[in-house]
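Just below is one structure, and these are the notes that go with it.
The values are calculated or read from the model by the stated rules, or taken from the named source; none is laboratory data. Here the structure is a predicted model, which is why all the values come from computation and not from measurement. Every residue, glycine among them, receives a Cβ derived from its backbone with ideal geometry; neighbour counts consider all protein chains shown. Note: areas computed on protein heavy atoms with side chains; ligands, DNA, RNA excluded. Shrake-Rupley method; radii C 1.70, N 1.55, O 1.52, S 1.80 Å.
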Amino acid sequence: MPSEKIYILGIESSCDDTAASVICNGKILSNVVTRQSVHEEYGGVVPELASRAHQQNIVPAVHMALKKANIRKEELHAIAFTRGPGLLGSLLVGSSFAKSMSYGLNIPLIDVHHMQAHILAHFIDEEGFDKPEFPFIALTISGGHTQIVKVKDYFDMDILGQTLDDAIGEAYDKSGKILGLGYPAGPEIDKRAQLGNPKAFKFTKPKVDGLNFSFSGLKTAILYFIQAETKNDPDFISKNLNDICASIQYTIIGIVMDKLNRAVAQTGIKQIAIGGGVSANSGIRAALKNAESKFGWKTFIPKFEYTTDNAAMIAIVGYLKYLQGDFADKTISTSARLSF
Ligand code: KG4
Ligand code: ZN
């Protein structure tokens with residue numbers, strides 16, 4: 001750890017959140033996220049609208065992050081930005097802004113891989129939150145990602161499995177759409193699931209080899225089930241909503257826990273670090289707690305504001321790369337599909 005104070009600005013714009021954060025030696029000083037409500041009426045992110053909203057939001061977000069951190073831009077040591085993966089137009093806004101700012105201030109530019117950042121968010125210094133030790137297994141679950149990764153070191157990671165189609169959050173959101181719930185539907189399905197019977201209805205789990213996932217078949221199974229039931233009884237959904245939600249949640253959690261159990265058996269690693277918006281799910285949290293006492297797992301969940309898309313996770317990676325002197329060239333380009 002350096003004796004001087006190192007300030008890094010992190011910028012995240014890979015999807016529909018415009019975010020900026022200032023970190024000082026591993027501690028977050030500000031974490032600003034401007035959410036884009038424009039997508040709600042479409043039931044999903046509209047890429048063109050996201051790019052435009054990033055352009056509107058990025059200057060105020062960065063300004064606010066510096067103000068909340070109580071530092072001047074001239075005090076920054078480097079600018080870190082999300083290079084990918086993500087929506088290309090959205091990534092271009094953040095990366096172009098970061099390049100201009102680092103050029104203007106004559107300080108290093110640092111490129112960050114969004115998925116590595118979700119994982120390395122566990123290394124933000126935060127009171128009351130333990131950091132995992134290497135090697136550990138990371139499970140990143142959100143509206144955009146479903147991935148199991150073996151983390152051997154900060155920048156030495158192997159993807160063990162990922163979704164072949166929809167992300168887990170999409171499974172929640174698309175199921176919610178079928179049930180007539182608002183977007184995003186994950187939180188409401190979770191809330192109702194706690195009031196319903198998880199075994200009321202049975203949905204078959206998709207058969208996917210190894211540690212990969214598939215959720216599109218589940219969505220179709222739910223759609224056909226609801227279509228058939230509402231044919232018999234047009235009020236089927238309203239009469240059984242909590243039980244339907246509980247049954248969907250039970251199926252999804254079953255899929256996740258099956259894969260995690262497999263990952264533990266395959267690697268012998270019992271430290272599990274989760275991240276992404278779906279890590280807020282009460283059922284997943286309960287299943288992980290249960291696995292701690294039953295199988296001796298140790299599980300890690302970061303502070304919630306660092307699990308959904310945010311720039312604090314970009315800033316911590318920026319800091320770790322800064323310590324290694326790992327800087328980007330100013331000609332670097334963004335990549336919608338970026339591998340590790
Ligand atoms: O990480 P996030 O905020 O944004 C990205 O997708 O990048 O995750 C949002 C996703 C949505 O699909 C939302 O429905 C889901 O996380 N979600 C939940 C819960 N809270 C948010 N899904 C299940 N249970 C929850 N409690
Ligand atoms: Zn993300």
Search result, residues across the range 155-178 that are away from ligand 1 (no atom under 13 Å from the Cβ) and among the aliphatic types (A, V, I, L, M): 157, 159, 160, 164, 178
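Out of everything in the range 272-294 that is in a helix (DSSP H, G or I) and among the polar types (S, T, N, Q), what residue ends up being farthest from ligand 2 (Cβ to nearest atom)? Talk me through it step by step, then tell me what you get.
Taking the range 272-294 as the starting set, the residues that turn out to be in a helix (DSSP H, G or I) are 277-280, 282-294.
Restricting the remaining residues to those that are among the polar types (S, T, N, Q) gives 279, 282, 290, 293.
Details: 279: 11, 282: 21, 290: 26, 293: 30 Å.
In this case the residue turns out to be 293.
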Selection count, the range 237-272, where residues are away from ligand 1 (no atom under 15 Å from the Cβ) and among the small types (Gly, Ala, Ser): 4
Extreme residue, nearest to residue 38 (Cα to Cα), among residues of the range 12-27 that are more than 11 Å from ligand 2 (Cβ to nearest atom) and of a type in the set (A, V, I, L, M): 20
Looking only at the range 295-324, and only at residues there that are free of Cβ contacts under 8 Å to residues at least 40 places away in the same chain and within 16 Å of ligand 2 (Cβ to nearest atom), the one that is most open to solvent (accessible area, probe 1.4 Å): 304
Close pairs from the range 87-101: first under 16 Å from residue 327 (Cβ atoms) and among the aromatic types (Phe, Trp, Tyr), partner open to solvent by 30 Å² or more (accessible area, probe 1.4 Å) and not in a helix (DSSP H, G or I), Cβ under 9 Å, at least 6 apart: none
Which numbered condition residue 330 misses (of (1) among the basic types (Lys, Arg); (2) surrounded by 14 or more Cβ atoms within 10 Å (Cβ to Cβ); (3) outside the structural domain of residue 254 (by TED's automatic domain parsing)): (2)
Number of the exception - residue 45 against (1) buried (at least 16 other Cβ atoms within 10 Å of the Cβ); (2) within 20 Å of residue 323 (Cα to Cα): (2)
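Tell me, which helices (runs of 4 or more DSSP H) wholly within the range 156-260 include 3 or more residues that are farther than 23 Å from residue 45 by Cβ and open to solvent by 40 Å² or more (accessible area, probe 1.4 Å)?
On the way: elements: 168-178, 186-193, 216-232.
Per the criteria, 216-232.
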Some residue of the range 142-154 being within 30 Å of residue 247 (Cβ to Cβ), part of a helix (DSSP H, G or I), within 15 Å of ligand 1 (Cβ to nearest atom) and modelled with pLDDT of 95 or more: no
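Results for (1) among the β-branched types (Val, Ile, Thr); (2) more than 29 Å from residue 147 (Cα to Cα), shown as yes or no for each residue.
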position	(1), (2)
33	yes, no
53	no, no
64	no, yes
69	no, yes
The range 77-129, residues that are open to solvent by 10 Å² or more (accessible area, probe 1.4 Å) and assigned to a loop (DSSP other than H, G, I, E, B): 77, 85, 86, 87, 106, 107, 108, 126, 127, 128, 129
Cross-chain or 6+ apart pairs with Cβ under 9 Å, the range 180-192 first and more than 9 Å from ligand 1 (Cβ to nearest atom), then hydroxyl-bearing (Ser, Thr, Tyr) and open to solvent by less than 70 Å² (accessible area, probe 1.4 Å): 181/175
